[in-house]
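Let me begin by presenting the structure, written as structure tokens, before commenting on it.
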Amino acid sequence: MTLSSGADAAEQPPADGTVRLRKLQQPPPHVERLLDGLVTRAHLVPEDAYQIRDQASVPRELRRIAKLAAVNGRAWSCWTHRIRTWLITGEMLIPLSRERGAPVLQVDVYDEDGPKDSGLWMIARDGKWSRCND
């Protein structure tokens, strides 16, 4: 019979599936890449805006929204230019993407004052993004 030390037990993943559930809540990396591409190619922010990648560096008003998006499995992308900051959240709509034969994202845009825009965006085969009309 082998006894494990407390240190060994602490290194073991939780038996209740917590790790698996956390992984399921995280947006797939390809959705994050699609969202970043949408932001820059569809000019949702000024051309010379720069991205804030560290959630701790996101302004407090927008950090709350970024955290909520992450908990709900949505990707987020934060950008700043001069004194303005935008947070864009998105998730891929799998059924609509299958129907259209191309990725379709549900996208919400926020700034420090709150929600600014919401809609569906689709990427064409040539890499150009356009809003869905429905």
query = Can you spot a residue in the stretch 108-126 that is closer than 19 Å to Pro29 by Cα, among the hydroxyl-bearing types (Ser, Thr, Tyr), touching a helix residue (DSSP H, G or I) at 6+ places or on another chain (Cβ under 6 Å) and touching a residue at least 40 places away in the same chain (Cβ under 8 Å)?
reply = no
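Do we find that Pro103 is within 16 Å of Val31 (Cα to Cα) and touching a residue at least 40 places away in the same chain (Cβ under 8 Å) in this structure?
Values: within 16 Å of Val31 (Cα to Cα): yes; touching a residue at least 40 places away in the same chain (Cβ under 8 Å): yes.
Against the criterion (within 16 Å of Val31 (Cα to Cα) and touching a residue at least 40 places away in the same chain (Cβ under 8 Å)), Pro103 qualifies.
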query = Which one is surrounded by the most Cβ atoms within 10 Å (Cβ to Cβ) among residues in the stretch 39-53 that are in a helix (DSSP H, G or I) and under 16 Å from the mean Cα position of the chain (by Cα)?
reply = Val39
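Within the stretch 83-117, which residues are of a type outside the set (Val, Ile, Thr), part of a strand (DSSP E or B) and under 14 Å from the mean Cα position of the chain (by Cα)?
First, pick out the residues of the stretch 83-117 that are of a type outside the set (Val, Ile, Thr): 84, 86-87, 90-93, 95-103, 105-106, 108, 110-117.
Still in the list and also part of a strand (DSSP E or B): 84, 86-87, 90-92, 105-106, 108, 110-111, 114-117.
Selection gives Trp86, Leu87, Gly90, Glu91, Met92, Leu105, Gln106, Asp108, Tyr110.
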ask   = When you go through (1) in contact with a strand residue (DSSP E or B) (Cβ under 6 Å, 6 or more places away or on another chain); (2) surrounded by 13 or more Cβ atoms within 10 Å (Cβ to Cβ) one by one for Thr85, which number turns out not to apply?
value = (1)
ask   = Which residues, taken from the stretch 90-110, are surrounded by fewer than 17 Cβ atoms within 10 Å (Cβ to Cβ) and touching a Lys or Arg at 6+ places or on another chain (Cβ under 8 Å)?
value = Ala102
inquiry  = Which condition from (1) in a strand (DSSP E or B); (2) on the phi > 0 side of the Ramachandran plot is the one that Thr80 breaks?
reply    = (2)
Failed condition for Gly73, given (1) in a strand (DSSP E or B); (2) surrounded by fewer than 22 Cβ atoms within 10 Å (Cβ to Cβ); (3) not acidic (Asp, Glu) = (1)
note = Pro27 meets each of (1) surrounded by fewer than 17 Cβ atoms within 10 Å (Cβ to Cβ); (2) modelled with pLDDT under 95 with one exception, condition (1)
query = Right, Ala56: part of a helix (DSSP H, G or I), aliphatic (A, V, I, L, M) and surrounded by 12 or more Cβ atoms within 10 Å (Cβ to Cβ) or not?
reply = no
request  = Kindly list, by first and then second residue, each pair from a residue in the stretch 65-78 that is farther than 13 Å from Glu91 by Cβ and in contact (Cβ under 8 Å) with a residue 24 or more places away in the chain to a residue that is aliphatic (A, V, I, L, M) and buried (at least 16 other Cβ atoms within 10 Å of the Cβ), limited to pairs with Cβ atoms under 7 Å and residues at least 6 apart or on different chains.
outcome  = Ile65/Leu87; Cys78/Ile52; Cys78/Val58; Cys78/Leu62; Cys78/Ala66; Cys78/Leu87
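The values are calculated or read from the model by the stated rules, or taken from the named source; none is laboratory data. Note that this is a predicted model, so its numbers are computed, not measured. Ideal geometry is used to build each Cβ from the backbone, glycine not excepted, and the neighbour counts take in all protein chains shown.
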